[in-house]
Every structure is written in C-alpha cells, then in structure tokens.
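Visitor: First the structure, which I've put down as structure tokens, then a few questions once you've had a look.
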Number of protein chains: 10
Amino acid sequence: MLYMVQMAVKKPHDIDSDIWTDIITREREYGQTYMKNGQFPHIWRVVGKFANVSIFDVESNDVLHQILAGFPLFPYMDIQVTALAEHPSALKK
Amino acid sequence: MLYMVQMAVKKPHDIDSDIWTDIITREREYGQTYMKNGQFPHIWRVVGKFANVSIFDVESNDVLHQILAGFPLFPYMDIQVTALAEHPSALKK
Amino acid sequence: MLYMVQMAVKKPHDIDSDIWTDIITREREYGQTYMKNGQFPHIWRVVGKFANVSIFDVESNDVLHQILAGFPLFPYMDIQVTALAEHPSALKK
Amino acid sequence: MLYMVQMAVKKPHDIDSDIWTDIITREREYGQTYMKNGQFPHIWRVVGKFANVSIFDVESNDVLHQILAGFPLFPYMDIQVTALAEHPSALKK
Amino acid sequence: MLYMVQMAVKKPHDIDSDIWTDIITREREYGQTYMKNGQFPHIWRVVGKFANVSIFDVESNDVLHQILAGFPLFPYMDIQVTALAEHPSALKK
Amino acid sequence: MLYMVQMAVKKPHDIDSDIWTDIITREREYGQTYMKNGQFPHIWRVVGKFANVSIFDVESNDVLHQILAGFPLFPYMDIQVTALAEHPSALKK
Amino acid sequence: MLYMVQMAVKKPHDIDSDIWTDIITREREYGQTYMKNGQFPHIWRVVGKFANVSIFDVESNDVLHQILAGFPLFPYMDIQVTALAEHPSALKK
Amino acid sequence: MLYMVQMAVKKPHDIDSDIWTDIITREREYGQTYMKNGQFPHIWRVVGKFANVSIFDVESNDVLHQILAGFPLFPYMDIQVTALAEHPSALKK
Amino acid sequence: MLYMVQMAVKKPHDIDSDIWTDIITREREYGQTYMKNGQFPHIWRVVGKFANVSIFDVESNDVLHQILAGFPLFPYMDIQVTALAEHPSALKK
Amino acid sequence: MLYMVQMAVKKPHDIDSDIWTDIITREREYGQTYMKNGQFPHIWRVVGKFANVSIFDVESNDVLHQILAGFPLFPYMDIQVTALAEHPSALKK
C-alpha cells in the first residue's frame, strides 16, 4: 500500500553542531534500513530545499507512523502524508 | 485501518433541483451500505456547514478510494483524507 | 454533545528534557482521566505527525475549554475545535 | 452556551432577482424569530462586506446547526462557527 | 461605535515565569478598567485556545488603538480588528 | 477618522456588456461625490489589477459601510477594510 | 531528469457529458503514450480526490511542458510541478 | 526600471471559441509590440501552467499599468507585480 | 511615483531593551528625514498592531529599496510593497 | 534550461555578527562564480525585502540543486524553484 510522504527539515540555527551531525548520520542509516527492505522504495530531493518527496510501501497506517516517528530527524521535520491508490490509467499495478 | 475523511459539499446554484434531489437520495443509501457493514463507523455534521467529519475503517487505501469515488456526491465534494494510527494514550485498541 | 478537537504539539527544541518528560507523563495521566469517564471517547494519532484527532463528548463549551486548558501540554499545542452535530444519514445517535 | 458565527453571503451574479428578493425577505423574518426568543442576541454587519458577525446562545451544537441550516440564505453562505467559553477576566457571566 | 477584536496570546516558552505572572495580573486589571467604563462590553474565551473574541465600543479608531496598545500583553498578542456596523436585521440598535 | 479600503473588482465574464458599462459609469459618479465632499480623499490603482487602494475619512464605521455598500460595483467587489490611527512618527496630524 | 507533477481535475458541472467522456478517453490514450516510452514512469491516484501524483522523467523543462500542455484535460487541471534531484541517501541513482 | 510580472490565465470553460481565438491572436501581437521596443525584455512559460513569468523595463508604475491593462487577456488574468531593484551582488547594472 | 508600503514589526521577545530603545529612536529620526523631504508623505498606524500603512513618493524602485533597507527596524520588519498608479476616477493627479 | 529561483533570507536575530558577516562575504563570492560562468545570468533585489528573484540557466535539476545547496546562506534561506520553458510569444529563444 503506497503513500507519498513529504518531509521538510527545520534545522534550529542554534543547535549544537555535533548533535546535529550525529542525528544526520543516524538518519541515513535509519532510512536505508527501510530502503533495503522494500518499504521505502523512492526518495527524491526537492530542488532548492532541505526537503524530500518519498514513497513508502507498507501494510498499514500504523506501520507507516512507526517508521516515520522513528526517524532521528522526526522532531525537526514537518511531514505531510498523502494516501495513494492505484490509478486506472497506470500500465500495471 | 482508520482514516478521518472530511467532506464538504459544493452545490452548484444552478443545478436542476430534481437531479440534485436524486443525488441526495442515492447518497444516503450509498453511505448507509458502508455504515451497516462496519467500514463507515462514524459520521458527524460540521455545525453551520454542508459538510461532515467521517471515520472510515477499511483494509487499504485502494478500498477507501473506491468507496469515496462511488459516492453520488463525489463530483460535488471537496474531500480531505487523513491517515490515522493508534494513539499510545488510547485506553484500548 | 460532540466536538472534534485537533491537537498539534509544538515542542521547543531547546526545552529541558526532564521537564519535557514530566509533561508527557502527566499528559497521559490527565488524558486518561477523561477517557475513562467517557468525556474523551476517541483519540487517534495523525500519521507522520506529533498530533492527534480527538472526539470529546461533554455537556458544554465551558467544560470542553476547562478540560483542554488543563492539559499539561496545553501551552505547547495548537488546538482547533470543531463543533459537531448529529448527521441525518447516521444509523443511530 | 455561546458561539460566534461568522456568515458571508456569496450571491450568484446570475440568480433571478425575484427569487433573491424573496430569499432576503424570508431571511430577515427567520433571523428575527431567534433574535426575539433570545437565541440570537447579537448581529453586526462587517463594514464593507455582505457579511456579519453574530452571537448565538443555544443549548447545544445540534440546536445551533438546526437554526443555521434553516436560514433561507444557508445555501449561499460561507459560515464559520467558533465555540465560546466564559472568559476569566469578564466582569460577570 | 463597535469593533470585534480577536486577540491570540503567543507566550514565549522561555520567558521568566515571574515576569509572565506579573504581566497576566496587570492584564486583568487593565482590561477590567475598560469593562467597567463601558468601552469593553464583551469578552469571550475561544474554546481550546489562549485567545479571545472581544467587542469594543469606543468613539474612534485612535481610542481603540490606544486601549489595545496599552494592554500589558500587547507585545505578545496577535490582534485582528474588524470594524462593525449596525445590521439592518437587528431588532434594535 | 481614517480607514484604508482595498477594493478588487471581480467581473463575471458572462455579464451583459451594456449592464456593465452602466455600472462602471455610475460607479465613477458615485465615487466622485465622496471625493468632492472630502470623505474619500485618496484612491490609487493597484498596478496590474482591476483593484484599488483607497483612503476614507468618515465619522463612523456605520457611515463607511453605507458609502461602501452604495457603490454600484459593491456586489462585484471583494473589499477589505483596515481601521487606521494616527502614527506617532507622523509630522502632523 | 525527474519531476513530481501533481494534477487536480476541476470538472465544470455544466459541461456536456459527451464532450467530457471524449476528453477522458483521449486523456488515457495520451497519458499511456508517455508511460510506454518511459517518460511517465509513475502515476498514483490521491485517495478521495480526482487528482494524481505523477513522476515524469524527461530531458528538459521544455519537453515536460509540451507533454503536460498536450493533455486533453490540460484546460481543466490545476498542475503543480516540483523539480526533483537525486537524494544523497538513496541506495542507487 | 524593472518589475517581475506573473500572469496566470483563467480561461472560462464556456467562452465562445472564436472569441477566445481572437483574443489569443491579439494578445501575441500586443505583447510583441513591447518586446520589440525593449519594455518587455523577458517572458518565460511556467512549466505545467497557462501562466508566465515576465520582466518589464519601463519608466514608471503608470506606464506599467497602462501596458498590462491593455493586454487583450487582461480581464482573464490574475496578475502579480513585484517591484525589482538592482542587486548588490550583480556583476553589472 | 507612488507605492503603498505595509510594514509590520516583529520584535524578538529576548532582545536587549537598550538596543531596542536605540533602534526605535533612530527609526523615528530616519523616517522623519523622508517625511520632511516629501518622499514619505503618509504614514498611518494599523489599529491593534505594531504595523503601519505608508505611502512613498519616489523616482524609482531602486530609491524606494534604498530608503526601506536603511530603516533601523528593517531587519525586524515584514514589508510588503505595492506599486500604485493614477486611478482614472481620481479628481486630480 | 531556465529556472526562476526566489530566495528569501531569514536572519536569526541572535546570530553572532562576525559569523554573519563572514557568511555574507562568502555568499557574494560564491554567487559571482556562477554569474561569471553563465549559469546565474540574472539576480534582482525584491524591493523592501532581504530577498531576490534569480534566473538560473543550468543543464539539469541536479546541477541546480548542487549550486543552490552550496550557497553559504542556504541554511538561512527559504527558496522556491519554478521550472521555466520557452514562451511561444517570445521574440527569440
């Protein structure tokens, strides 16, 4: 089941740089866990922003929330979730 | 799996009244089908508006879209879907 | 009498973590008091956000405000209240 | 129990003028019924707009919706309802 | 001459609590001065918010600004002013 | 007493051109009545729009509404009123 | 080069149904041309709306505009284009 | 003196196609007059929209308004004007 | 050449009060320089806000930006500029 | 390939002034690198704001993001990117 997730990072200008570096490092590792298991098939950078457009493929709303709330950057992101369905014009599911 | 669905009806002022009456009649019948089978457990009227707040309980995003797109009022509604997850403070699932 | 209440938590990034942990602990206890007495029948997590959609069932606007203003997180939340009425298509009250 | 209700009239430019005159006439009579019985204690015109700010004093959300949905102008208005509570600084209830 | 004034308080999370308590105390005294002299006939709490809907009855825009700018909370509030006129459907002025 | 009034004209594309021409003609005459008597001291065109920024100088909110509601274009305009006060840095009142 | 394109269809309620059916038929054929040649790799339905989220993979802004402007539904759609770049956390380009 | 002008065309779906074709033809001729005389040095299409971003180089706000208000599409466009100044980092004026 | 300039001051709650007092003092002196030379003919306070509506009369966009960017409060203001043109209904230029 | 890029600087009021001066100095040098190589052909100041409207001419979305993300002010800017295409009315490409 697919969802579009739009994440925009809001970095506090006065956050400690070591703390931030650590968060970013863990963010990548965390995200790649779900990229590798197929639940996070797409991520694209929005040009000009510290933001992304992502596609998640998970079995339920609850699983999606657990994944998103676990991101190390979760407290610093504005996240918008859009539930997606199969489009009748798509060539294949 | 739960979703909050907010529907606001935009009635064209120049629509034929018989056509509109027919749509409204079929709308109720259609909605009650899903209320009875448990997929549409809650609907509340928003005070002061031709709009509602609804809760749907369905197995997937695709099923939700099929139900919503089938409403006779679908072409005349602005619909917002919010995916919901279990809240950690809730007394029971 | 029903209301939809949408609460979004805005955690200050530089708040003391012990203070915050204490607030969150008291928040759950506070909320559950009203869940148990029937005035707070539903709470759902909004997927991807530190936010919820809640339903309150109270006897007046004043009682609702007293409950909401008493939440330990009240100073850190953006709250939207929507007055609800019975929907004519609902199967039962 | 008090509510602020903000009503903005959206008159279709191509509506029949006799129909509109009739609606406006009935609107006043309808509104005055509730002004006289005490449920509609205040109405003010918003300067520069075909809109008003009103205060309703009714016993429930359902009663408020029934009154508002009964206005002859209801299909032509955008209505916003704000639930009000007693303010702690007010001199008297 | 009437105005609707909507005030929303934005409390900085890191403000000194004694300073804040002092501001709130003076705020009530200040507001009640105008409630007693008839220039501030109504104030209602917006349910779920640290905000109010108020009605002022003063002789000019300048007097209204002087009163509003004198509120101890003025630097911490977002204020919206709406000029009101007599409504033709009102029972009496 | 001063007000800034912003008027934006929304011309229906299918309105009869003779009716429109008549409205525009009467609009100018109407506006100039108040320009000449000093209640409408300034009007400027917003570059690129069928809209204006105007300053009115009238004795009350009610008088302002009566003037604005009397404009032949009133049903076709979106009007925003901003109450103005004397600025402390102004050279003279 | 990737773009997210969000298309929302605004069907006029009084459009001739045969004309509309023809547009929809041609829309699918037109879209599938680009799905088959690889320039339109993804399309998803937004749940609850006559809208989609699409991904285009084309060589330039000009080619993207030519494809979008050629859609039979183009005059009836609100389209938002977001330029995408490779995300540093993506597993592979 | 430079201005950015953003024009978005709002074509009424029920406008006569011959009238529209005539407007579009005259629009191009009109625009090219100012492109050739140097007052309209840049125009770009916004990808995915019937809209453009334009740069005008004229001697005053009044001249800009006269040019914009003369566009045959003026009644069907939403226009936003942004006054521009020389940027201190630009290589040359 | 005229412009409407809307300035809203955003005072940081934790700014040093001596620094702020100095900025405000210099702000008045700076503004009055341009009021006296005729480039800043009008300034009005927006009722209920730390904001103003101003009219500038300068020879170019560049001059306007230089004046605005030189205000001591410039870093603390949100400024909106609207280019104005002569209105055809105005009594005189 | 052209893009309009709108950059608005959000300077934190409590940032160290030496750090800020250094960022601004490097910003100019960085920007001029791309102005000189032809990828950043236009930059204009938005009158009244610490913001600009820029035109970039680069070969891909990825190159544009790399340039934008490399600006020393990137963490302090709100950036909006609009993909542009050739306009059919333009005199020449």
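The values are calculated or read from the model by the stated rules, or taken from the named source; none is laboratory data. A quick note: this is a predicted structure, and the numbers were derived from the prediction, not measured. Because the Cβ atoms are built from the backbone with ideal geometry, glycine has one as well, and the counts that use them run over all protein chains shown. Heavy atoms of the whole protein, side chains included, go into the accessibility calculation; ligands, DNA and RNA do not. Shrake-Rupley method; radii C 1.70, N 1.55, O 1.52, S 1.80 Å.
Visitor: Using Cα pairs closer than 8 Å and at least 6 residues apart in sequence, work out the relative contact order for segment D:2-84, in percent.
Guide: 53 percent
Visitor: Using protein chains only and a probe of 1.4 angstrom, how many square angstrom of residue J:65 are accessible, to the nearest 10?
Guide: Rounded to the nearest 10, that gives 20 Å².
Visitor: Keeping all protein chains in position, work out how much accessible area residue A:36 exposes to a 1.4 Å probe, and write it in Å² to the nearest 10.
Guide: Number for this one is 150 Å².
Visitor: Additional query: So what is the calculated 222 nm ellipticity per residue for the protein assembly as shown, using -39500 (n - 2.57) for each DSSP H run with n of 4 or more, over all residues, to the nearest 500 deg cm²/dmol?
Guide: -10500 deg cm²/dmol
Visitor: Could you state how much accessible area is buried at the F-I interface, both sides summed, with a 1.4 Å probe, in Å² to the nearest 100?
Guide: 2500 Å²
Visitor: Pick from G:22, G:62, G:14 the residue whose mean-square fluctuation is largest in a GNM of chain G, springs joining Cα atoms under 10 Å.
Guide: G:14
Visitor: Whole-Hz ³J(HN,Hα) for each residue in segment A:75-87, computed from phi via Karplus 6.51 cos²θ - 1.76 cosθ + 1.60 with θ = phi - 60°, x for glycine and proline: what do you get?
Guide: My calculation for segment A:75-87 gives x, 10, 10, 9, 10, 10, 10, 10, 6, 10, 10, 5, 8 Hz in order.
Visitor: Is there a quick way to get the dipole size of segment B:46-93? I mean about its Cα centre, with the Cβ of Lys and Arg at +1 and of Asp and Glu at -1; what is the value in debye to the nearest 20?
Guide: I would put it at about 220 debye.
Visitor: So, one more: With +1 on each Lys and Arg Cβ and -1 on each Asp and Glu Cβ, how big is the dipole of chain F about its Cα centre, in debye rounded to the nearest 20?
Guide: Dipole magnitude for chain F comes out near 420 debye.
Visitor: Where in segment B:26-66 are there GluC sites (Glu not before Pro) that are in a DSSP coil and have at most 13 other Cβ atoms within 10 angstrom of their Cβ?
Guide: Loop-located and lightly packed - B:59.
Visitor: With a 1.4 Å probe and every protein chain left in place, tell me how much accessible area residue G:21 has, in Å² to the nearest 10.
Guide: Roughly 80 Å² of residue G:21 is accessible to a 1.4 Å probe.
Visitor: If you average the alpha carbon positions of segment G:48-93 and of segment F:45-93, how far apart do those two centres end up, in angstrom?
Guide: Segment G:48-93 and segment F:45-93 have Cα centres separated by 43 Å.
Visitor: Which entries in C:49/I:11; C:11/C:49; C:10/C:36 show an alpha-carbon gap greater than 18 Å?
Guide: Checking Cα-Cα distances, C:49/I:11; C:10/C:36 exceed 18 Å.
Visitor: Could you tell me the calculated FRET efficiency between residue I:26 and residue E:32, based on Cβ-Cβ distance and R0 = 60 angstrom, to the nearest 0.05?
Guide: Result of the calculation: an efficiency of 0.95.
Visitor: For chain G, find the longest principal axis of its Cα atoms and tell me its angle to the long axis of helix G:17-36, 0 to 90°, nearest 10.
Guide: Rounded to the nearest ten degrees, it is 20.
Visitor: Need one word for the protein assembly as shown: rounded, prolate or oblate. Basis is the Cα gyration tensor (sqrt eigenvalues a ≥ b ≥ c); a/c below 1.5 gives rounded, then a/b vs b/c decides.
Guide: Rounded shape, in that the Cα axes give a/c under 1.5.
Visitor: Residues of F:18-27, mean number of Cβ from any other protein chain within 10 Å of their own Cβ, rounded to a whole number?
Guide: Taking the mean over all residues of the peptide, I get 0.
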